[in-house]
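Everything below concerns the one structure shown next.
The values are calculated or read from the model by the stated rules, or taken from the named source; none is laboratory data. This structure is a prediction, so every number in the text was calculated from the model and none was measured. Glycine gets a Cβ as well: all are built from the backbone with ideal geometry, and neighbour counts include every protein chain shown. Only protein heavy atoms, including side chains, enter the accessible area calculation; ligands, DNA and RNA are left aside. Shrake-Rupley method; radii C 1.70, N 1.55, O 1.52, S 1.80 Å.
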Amino acid sequence: MVLLEFSIYPVDKGASLSPYVARAVEIVSQSGLPYQVHAMGTVVEGEIEPLLQLVQRCFDALKADCDRIECVMKFDYRRGRSGALASKVASIERQLGRPLPKTP
């Protein structure tokens, strides 16, 4: 399984990009894959090909009305491991001996 973190946004649409980010997040949500959104991007868990196709769908949705788009991606592959979206955070919480803050 792979954890893919990405952020995608236009760079030609002014200061507030939330409508474009929301467009991409809706595509992620409709994918049915487990995901988490945070202040600087989105983390999705799955197999590499469907994840890359998901980013492609997000890109295609933005390029319909954006002339310049930036996308940053990184992924973590671990053979035979699933559920890392939650387990990686839980591991840090165990090391700290306390829960991490949740977004409001």
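Here segment 43-91 is the region considered, the condition is being among the hydroxyl-bearing types (Ser, Thr, Tyr) and assigned to a helix (DSSP H, G or I), and the residue that is nearest to Gln30 (Cα to Cα) is Ser87. Taking the criterion of being more than 13 Å from Val55 (Cα to Cα) and either part of a helix (DSSP H, G or I) or in contact with a helix residue (DSSP H, G or I) (Cβ under 7 Å, 6 or more places away or on another chain) (or both), the residues of segment 4-28 that qualify are Pro10, Lys13, Ser18, Pro19, Tyr20, Ala22.
Being touching a strand residue (DSSP E or B) at 6+ places or on another chain (Cβ under 7 Å) and either at pLDDT below 95 or surrounded by 10 or more Cβ atoms within 10 Å (Cβ to Cβ) (or both) is the requirement here; does Val44 meet it? Don't jump to the end; show me each part of the working.
On the way: touching a strand residue (DSSP E or B) at 6+ places or on another chain (Cβ under 7 Å): yes; either at pLDDT below 95 or surrounded by 10 or more Cβ atoms within 10 Å (Cβ to Cβ) (or both): yes.
The answer is yes for Val44.
Every condition in (1) touching a strand residue (DSSP E or B) at 6+ places or on another chain (Cβ under 7 Å); (2) more than 19 Å from Ser16 (Cβ to Cβ); (3) touching a residue at least 60 places away in the same chain (Cβ under 8 Å); (4) not small (Gly, Ala, Ser) holds for Arg78 except the one numbered (1).
Going by the conditions given, is Ser29 of a type in the set (Gly, Ala, Ser) and modelled with pLDDT of 95 or more? Working first, answer last.
On the way: of a type in the set (Gly, Ala, Ser): yes; modelled with pLDDT of 95 or more: yes.
Criteria met by Ser29.
If I go through segment 50-104 residue by residue, how many of them are among the hydroxyl-bearing types (Ser, Thr, Tyr) and surrounded by fewer than 10 Cβ atoms within 10 Å (Cβ to Cβ)?
Looking only at segment 50-104, we keep the residues that are among the hydroxyl-bearing types (Ser, Thr, Tyr), and these are 77, 82, 87, 91, 103.
Imposing the further condition that a residue be surrounded by fewer than 10 Cβ atoms within 10 Å (Cβ to Cβ) reduces the set to 103.
Residues in segment 50-104 being among the hydroxyl-bearing types (Ser, Thr, Tyr) and surrounded by fewer than 10 Cβ atoms within 10 Å (Cβ to Cβ): 1 in total.
The combined condition, being in contact with a Ser or Thr (Cβ under 6 Å, 6 or more places away or on another chain), of a type outside the set (Ser, Thr, Tyr) and not in a strand (DSSP E or B), is not fulfilled by Leu100. Check whether at least one residue in segment 61-71 is within 19 Å of Ala84 (Cβ to Cβ) and not aromatic (Phe, Trp, Tyr), and report yes or no. Among the residues of segment 61-71, not one is within 19 Å of Ala84 (Cβ to Cβ) and not aromatic (Phe, Trp, Tyr), which makes the answer no. For segment 81-104, a residue qualifies if it is within 19 Å of Tyr35 (Cα to Cα) and of a type in the set (Gly, Ala, Ser), and the qualifying residues are Ser82, Gly83, Ala84, Ala86, Ser87, Ala90, Ser91. Beta carbons closer than 6 Å, at least 6 apart along the sequence or on distinct chains, pair a first residue in segment 7-31 that is closer than 15 Å to Val72 by Cβ and open to solvent by 50 Å² or more (accessible area, probe 1.4 Å) with a second that is of a type outside the set (Val, Ile, Thr) and in a helix (DSSP H, G or I) for Tyr9/Tyr20.
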